[in-house]
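The block underneath contains the structure these notes are about, expressed in structure tokens.
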Amino acid sequence: MQKQRNPPVPVPPPPQPVGRRIMFGSRTSSGKYISNSREDMDTDMSSVDIRNYRVQFPTKPDNRPTLPPAMSIPSVISSSVEEHYISSSLFTGGFNSVTRAHLMDKVTDSSPSGGARRTCAVEGCDGKVMSDERGEELLPCECDFKICRDCFSDEVENGGKLCPGCKEPYKATEIEEVARIAKERKAITVHPPRLPPPPQPEKAREATDRSLSIVRSIKGAEFDHNRWLFETKGTYGYGNVIWPEDSTAGNGEGDSAERPKEVVGKPWRPLTRKMKIPASVLSPYRLLIAVRLAALGLFLAWRISHKNKDAVWLWGMSVVCELWFAFSWLLDQLPKLSPVNRVTDLAVLKEKFESSSKSDLPGVDVFVSTADPEKEPPLVTANTILSILAADYPVERLTCYVSDDGGALLTFEAMAEAASFAAVWVPFCRKHGIEPRNPEMYFGLKRDPTKNKVRQDFVRDRRRLKREYDEFKVRINALPDAIRRRSDSYHAREEIKATAAAAAGEPVKIPKATWMADGTHWPGTWIHAAGDNSRGDHAAIIQVMLKRPTDEAVLGTGIDDNDDNHDDDSTPAGGMLDLTEVDVRLPMLVYVSREKRPGYDHNKKAGAMNALVRASAVMSNGPFILNLDCDHYVYNSQALREGMCFMLDRGGDRICYVQFPQRFEGIDPSDRYANHNTVFFDVNMRALDGIQGPVYVGTGCLFRRIALYGFDPPRSKQLKKSRCCCFSGQVDNDFETHALRMTGEEEDEKMGLSYFPKKFGNSSILIDSIPVAEFQGRPLADHPSVQNGRPPGALAIERDRLDASAVAEAVSVVSCWYEDKTEWGKRVGWIYGSVTEDVVTGYRMHNRGWKSIYCVTKRDAFRGTAPINLTDRLHQVLRWATGSVEIFFSRNNALFAGPRMKLLQRIAYLNVGIYPFTSFFLIVYCFLPAISLFSGEFIVQTLNITFLAYLLAITITLCLLALLEIKWSGIQLEEWWRNEQFWLIGGTSAHLAAVLQGLLKVVAGLEISFTLTSKSAGDDDDDEFADLYVVKWTSLMIPPLTIIMVNLVAIAVGVSRTIYSVIPQWSRLLGGVFFSFWVLAHLYPFAKGLMGRRARTPTIVFVWSGLLAITISLLWVAINPPSENSQIGGSFSFP
């Protein structure tokens, strides 16, 4: 390379596949980018191939030239400078464009200053931990509870010789004995190496084998725990300590090491337990299902054999509808035969994975998706981010990624403000154990905030944080106007410059750009779209807002001594809290906006999620992924630990995801439109947990990364062809049965690493991260029955630093062209082709043989918002139902599932695709009572005792089943009834439209598009539920409104005919009126929603009601015209 004034930072690029290279460049004082690559000295930028991209590194933050490569600097200093450079730069790039790192002015540090202090863990004591003559800590108990000499003496003399941490007796009560035991424990401790292990000579391997090292056992992708035990005769003890049995201690001289009996005597404890439903509830429940199934069979057989000869057409329609309802009920009820409950043991998780100073828990990457700051307010997204950053999980193992699919500067600056406020909010939550850790919800709680708070400075700290949060909200809400004013100011300046430089009389036209705070163009979507800065045409953007924290805890600083004498407003933000005993590190926070260009299908949310999967694999590569919507925040700070209990327990390596129930806030007390959806989340999902696992519902789900990559679960047989259970021929599930497998078999060359670029793209860093993520996600091999486990302590090591080349590679993998000719969206990641990509993604995993878990925590794990407006709720249901219709008409139909999916699980997925088609039969059945009242006929010849007995038996069994479901699920009877009501409302409106849209897509190829549900409230700011009364007219309201009007008119006609009839047919009237009232009772919430508030009912509702009534009356007269001498009601006639 040629030397220039500001040479690029000499960061070595990652290994690149063939046909792809990284080009370097520098920025001159005028702002122009000059390529420093030898190949591009004489080429124009327009000739760059789309597979080649450049990385431009600006000057160092101190504005000094970078040292030449020959001048070496300490690695610690260089890594620190590298981290500062990464967190200070905005990385952009994409299709046919230079990947640049733009140095930002404002930097948010995730590791505030403060020295680490080793203090006593006894409450109320701040003394130094016991140490020996060399200054090393002395921990007298195996639980590693830190205690000072004075507290230790008190516990030995007056405390019963019990450890304050684990409440178990001390093994040694003298300081000298404690020091001796500590030396012995350190001498026999074996720390497993990283994966993959470095190559060793033959003699070194033999010595390692003699010392019971596990390096030799991890040669391949699998860790055979049973083989290790057989070859070495070793056993596991606490933490990462391995005691040999009848073997040497590693010095090669035959010294034996005896296992401590107290450790061997401790029983192995699981992380989770399955709590079955009591037989006193489940057995009657199953019996009632069988009884109702028999009653339905007998009733349908009787209905078919007893025709209504007076109205065969009415009888035929009713029988067809009843047959479909029975089939639909059976599909819904069969998967509920074996519901289960599960509980976790967080104490065991802490004991197994955090017994030492460094955590052995695997990393978790949290994905938060947002697309439109106008419909998804940035303040809501910022509160979600703050709740994630404050989660109770090892800081160095947690990374948060924010996907801004709109590329809006408003979202970017709101996230920067959230990162700044997190430096105060997160330590406050850790210090006082705040729940929930969403500041908006916490400060809005209507209860005593001092309850269960023991610190004396809590009230003062809370008051100061409340003031800081109020200022934070003001800054967030002022961002739109601030960005607009700033952009107008810079635009006016640019116009003045251009006018001065232009010739006299020459018109000047400058695009109105959106400007960042440092006076540069925003590379994403501009407020006034222009050129390459529109919503569907902008570059890729990655910004590390909070850099990766250190592995060691960093304690904060104290508050000034004279701070109490100052006014609160004068207290600086950095010293407002006493954080001397609080870890002030923050998890890494990354802003990502994938590249969008015209001509590319970006696949909506599924495409954004896949972009985050690739970017996170390059930057942090957490073996587990949690995805949340921008309005779903962490309500339980230990939710991640709850999910990890399932993933890391025995057999957890076969779990693809842990689904948490969705809980909502801001719902009206009566839950008019069944927004809580408790029947689905507390009944159906618990029942599926007893089969193969719950379905994926889009948010609040903890994934195993390797399952998202399309791999088969461990210990699964490779099946090439499967026989469909519904058809006699064989179905070649090429898209499923040839799933990727990490078997390590040499003969399987097609599925080897050489085949990975065809599946995952040509990023070598991404491909190299796959086996690492697979190994780190394995359960702990602490029991002989644990298969495919990893050794204890394998992750309790320092993580690699994030360098600039990795961030540049992340920009590349989120480009618009990266997925071309790969399996992303087909078998890898979130699956494309449906508006309900969540259900399809979960279905593919279950079809490969994976299991999923439903985790219901005592305290809700996550909470979000739901639309309480009728129109918004119907549009939401329409989107779900349309996705189900797409699934039914696609290759993801459960009829074509492979043999690895269990039968009842297959039935559940079949019901997911079929339930919208019930709308046709439901609408017909809702009109049948009105038709019966209009015509004077009924669905049966006469209301005899047999018909009434069958009807009574079916109704009673249904009610008893509902009561038992309420018993084992814990829901309320009112919630069950609300669900029944909205089932009919949605079935007669949104489900019908979904079926029609799905048919149009299949037949005519018309694409279906949906808009985001607005989360703004109603016009009345004083009413929390003002949006409930807002009436927004939509065509989805026409079918249920028609049903209401027709049934009301039919009741009036039927009653008048019967009253004034010569021979009244009361039985037919009672049958028709009963079913009409049944329909109207289910549609009551819909009618109430149309009324709005008093004097606010839209005129369109009255217009449609009148038109429908007139139309139905004229239609009936045309179908059944009265005779010349006929009179209404016999002898009665109008005057």
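Just one of G575, G536, G531 is in contact with a strand residue (DSSP E or B) (Cβ under 8 Å, 6 or more places away or on another chain), over 30 Å from G363 (Cα atoms) and at pLDDT below 85; which is it?
G531
Which of (1) under 16 Å from I923 (Cα atoms); (2) buried (at least 21 other Cβ atoms within 10 Å of the Cβ); (3) not charged (D, E, K, R) does L1069 not meet, given it meets every other one?
Only one criterion is unmet by L1069, namely (1).
Residue-by-condition table, conditions (1) of a type in the set (K, R); (2) touching a Ser or Thr at 6+ places or on another chain (Cβ under 8 Å); (3) more than 24 Å from Y657 (Cβ to Cβ):
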residue: P779; (1), (2), (3): no, no, no
residue: I797; (1), (2), (3): no, no, yes
residue: D800; (1), (2), (3): no, no, yes
residue: D803; (1), (2), (3): no, no, yes
residue: R827; (1), (2), (3): yes, no, no
residue: S834; (1), (2), (3): no, yes, no
residue: G842; (1), (2), (3): no, yes, no
residue: C855; (1), (2), (3): no, yes, no
residue: R859; (1), (2), (3): yes, no, no
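What's the total number of residues in segment 887-905 that are under 22 Å from H991 (Cα atoms) and crowded, with 23+ Cβ neighbours inside 10 Å?
Residues meeting the conditions: 3.
Have a look at T411, T384 and point out the one that is buried (at least 24 other Cβ atoms within 10 Å of the Cβ), outside any loop (DSSP other than H, G, I, E, B), of a type outside the set (G, A, S) and in contact with a His (Cβ under 8 Å, 6 or more places away or on another chain).
Going through T411, T384 in turn, just one is buried (at least 24 other Cβ atoms within 10 Å of the Cβ), outside any loop (DSSP other than H, G, I, E, B), of a type outside the set (G, A, S) and in contact with a His (Cβ under 8 Å, 6 or more places away or on another chain): T384.
Could you please give the count of residues in segment 973-1016 that are buried (at least 17 other Cβ atoms within 10 Å of the Cβ), modelled with pLDDT under 90 and under 19 Å from I868 (Cα atoms)?
2
Return a yes/no flag: does segment 768-783 have any residue that is of a type in the set (S, T, N, Q) and either at pLDDT 90 or above or part of a helix (DSSP H, G or I) (or both).
yes
Could you list all residues from segment 955-1011 that are among the aromatic types (F, W, Y), under 28 Å from the mean Cα position of the chain (by Cα) and either assigned to a helix (DSSP H, G or I) or at positive phi (or both)?
Of everything in segment 955-1011, those that are among the aromatic types (F, W, Y), under 28 Å from the mean Cα position of the chain (by Cα) and either assigned to a helix (DSSP H, G or I) or at positive phi (or both) turn out to be W968, W976, F982, W983.
Of the residues P362, P339, P335, which is at pLDDT 90 or above, within 30 Å of I797 (Cα to Cα) and crowded, with 20+ Cβ neighbours inside 10 Å?
Exactly one residue qualifies, and that residue is P362.
Sort through R447, R462, R437, R430 and tell me the only one that's of a type in the set (K, R), buried (at least 17 other Cβ atoms within 10 Å of the Cβ) and part of a loop (DSSP other than H, G, I, E, B).
None of the others qualify; the one that does is R437.
Going through E417, E396 one at a time, which residue ends up being assigned to a helix (DSSP H, G or I), in contact (Cβ under 8 Å) with a residue 60 or more places away in the chain, out of contact with any helix residue (DSSP H, G or I) (no Cβ under 9 Å at 6 or more places or on another chain) and over 14 Å from Y633 (Cα atoms)?
Being assigned to a helix (DSSP H, G or I), in contact (Cβ under 8 Å) with a residue 60 or more places away in the chain, out of contact with any helix residue (DSSP H, G or I) (no Cβ under 9 Å at 6 or more places or on another chain) and over 14 Å from Y633 (Cα atoms) holds for just one of E417, E396, which is E396.
Residue check: is S359 in a loop (DSSP other than H, G, I, E, B), small (G, A, S) and within 26 Å of the chain's Cα centre (by Cα)?
It is true that S359 is in a loop (DSSP other than H, G, I, E, B), small (G, A, S) and within 26 Å of the chain's Cα centre (by Cα).
Modelled with pLDDT under 75, within 42 Å of the chain's Cα centre (by Cα) and not assigned by TED's automatic domain parsing to the domain that holds D578: does that describe V122?
Criteria not met by V122.
Return the pairs, sorted by first residue and then second, in which the second residue is hydroxyl-bearing (S, T, Y), the first residue lies in segment 772-784 and is touching a residue at least 60 places away in the same chain (Cβ under 8 Å), the beta carbons are less than 6 Å apart, and the residues are 6+ apart or on different chains.
Close Cβ pairs satisfying both conditions: D782/Y236.
Restricting segment 923-971 to residues that are free of Cβ contacts under 8 Å to residues at least 24 places away in the same chain and touching a helix residue (DSSP H, G or I) at 6+ places or on another chain (Cβ under 7 Å), which is farthest from R1068 (Cα to Cα)?
Restricting to residues being free of Cβ contacts under 8 Å to residues at least 24 places away in the same chain and touching a helix residue (DSSP H, G or I) at 6+ places or on another chain (Cβ under 7 Å), the top hit is I966.
Can you say whether K266 is within 36 Å of the chain's Cα centre (by Cα), at pLDDT below 85 and either in the same structural domain as P916 (by TED's automatic domain parsing) or charged (D, E, K, R) (or both), as far as the supplied structure shows?
So K266 fails the test.
Applying the selection to segment 784-795, what residues are of a type outside the set (D, E, K, R) and either closer than 12 Å to G651 by Cβ or modelled with pLDDT of 85 or more (or both)?
S785, V786, Q787, N788, G789, P791, P792, G793, A794, L795
In segment 645-665, is there at least one residue being assigned by TED's automatic domain parsing to the domain that holds M588, touching a Cys at 6+ places or on another chain (Cβ under 9 Å), under 28 Å from S812 (Cβ atoms) and modelled with pLDDT of 95 or more?
Checked segment 645-665: at least one residue is assigned by TED's automatic domain parsing to the domain that holds M588, touching a Cys at 6+ places or on another chain (Cβ under 9 Å), under 28 Å from S812 (Cβ atoms) and modelled with pLDDT of 95 or more.
If you scan segment 813-864, which residues turn out to be touching a residue at least 40 places away in the same chain (Cβ under 8 Å), assigned to a loop (DSSP other than H, G, I, E, B) and over 29 Å from N762 (Cα atoms)?
Result: C855, V856, T857, R859, D860, A861.
Restricting attention to segment 782-794, does a residue exist that is hydrophobic (A, V, I, L, M, F, W, C), under 28 Å from S356 (Cβ atoms) and surrounded by fewer than 20 Cβ atoms within 10 Å (Cβ to Cβ)?
no
Mind checking whether some residue in segment 922-937 is among the β-branched types (V, I, T) and in a loop (DSSP other than H, G, I, E, B)?
no
For the list (1) within 22 Å of Q638 (Cβ to Cβ); (2) modelled with pLDDT under 95; (3) assigned by TED's automatic domain parsing to the domain that holds D682; (4) of a type outside the set (V, I, T), I need the number of the one condition that P377 fails.
Here P377 meets the rest and fails (1).
Mind listing whichever residues of segment 531-553 are out of contact with any His (no Cβ under 8 Å at 6 or more places or on another chain), assigned to a strand (DSSP E or B) and within 15 Å of A408 (Cβ to Cβ)?
S534, D537, H538, A540, I541, Q543
Which of the residues belonging to segment 882-907 are within 18 Å of V1003 (Cα to Cα) and among the aliphatic types (A, V, I, L, M)?
Answer for segment 882-907, where residues must be within 18 Å of V1003 (Cα to Cα) and among the aliphatic types (A, V, I, L, M): V885, I887.
Taking segment 128-160 on its own, how many of its residues are surrounded by 15 or more Cβ atoms within 10 Å (Cβ to Cβ) and assigned to a loop (DSSP other than H, G, I, E, B)?
Summing the residues that are surrounded by 15 or more Cβ atoms within 10 Å (Cβ to Cβ) and assigned to a loop (DSSP other than H, G, I, E, B) in segment 128-160 gives 13.
The values are calculated or read from the model by the stated rules, or taken from the named source; none is laboratory data. Computed from a predicted model, the values in this text were never measured in an experiment. Using ideal geometry, Cβ is built from the backbone for each residue, glycine included, and neighbour counts are taken over all protein chains shown.
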